[in-house]
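Read-outs throughout are calculated quantities, based only on the coordinates presented, and are distinct from any laboratory measurement. Predicted, not measured: the structure shown is a model, and the values here were computed from it.
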Amino acid sequence: MHSSFTRLQNVFGFFTTVACVLGAFIAATDLITPRTPSGVVSPNNVQVVKGRPHYYSSKKEEYAIIKFSLEADLSSLFTWNTKQVFVYVTADWPAIAGANATNSAVIWDTIITNPSADHLKNIGPLAMKKLKKSAEGKTIDPSRGLLKLRNQRPKYQITHPSGKIAQAQDVTLKIHYNVQPWVGLLTWNMDKDIFKWKTMAGGLSDKFVLPAIKSKDNKTKSKSK
């Protein structure tokens, strides 16, 4: 006869196996759900300033401030298994000649939660009330995957380890996303189509050049004139 402890172990092992199999099936449902993200992003106002980009910066350096406009439809990324979608925009430009690398810096990001995950969002009571109202009677709220930004200020300024960034060539803005499910693996932008998951349509701006330095001294002189 098995002891009570052994029987408890067997029952626990059985339910653990069932939970793992059920989780695998839930994660697999994402693969049969179409993903067709699309987006358009473009720079509006680009400046390069020499100064201290952060309060903790020990020395002056060149940094870029890029305002941009963005329209994206990420509603197809939201399924019943989606916990939240992390969206971010990067500025990318080739490295200095002779270096096999590409510079990439995040200039803006946001987290879009599914209605069932609103309680995880650290926002004020008024914003939470609006979220709950938008989610009433809905398992998924597609409008949360629609982004429309005009002349958006960046959250982060662009710097470079060398301290110089002015007149960088072939700079592009790119939209990225990271889908975080309740059960399953994290997924990012894809380089090629996989079954019903499609690569993002658009999502990349035309190439542009960062301007020459716009120093604070020059601003003061122009105002005095």
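Computed values, structure above
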{"item": "Filter on Lys174/Lys198; Lys60/Lys207; Lys133/Lys198 - keep pairs with C-alpha separation over 20 Å", "result": "Lys60/Lys207; Lys133/Lys198"}
{"item": "Karplus (6.51, -1.76, 1.60) ³J(HN,Hα), θ = phi - 60°, over segment 81-90, in Hz, Gly and Pro reported as x", "result": "9, 7, 8, 6, 10, 9, 10, 8, 10, 10"}
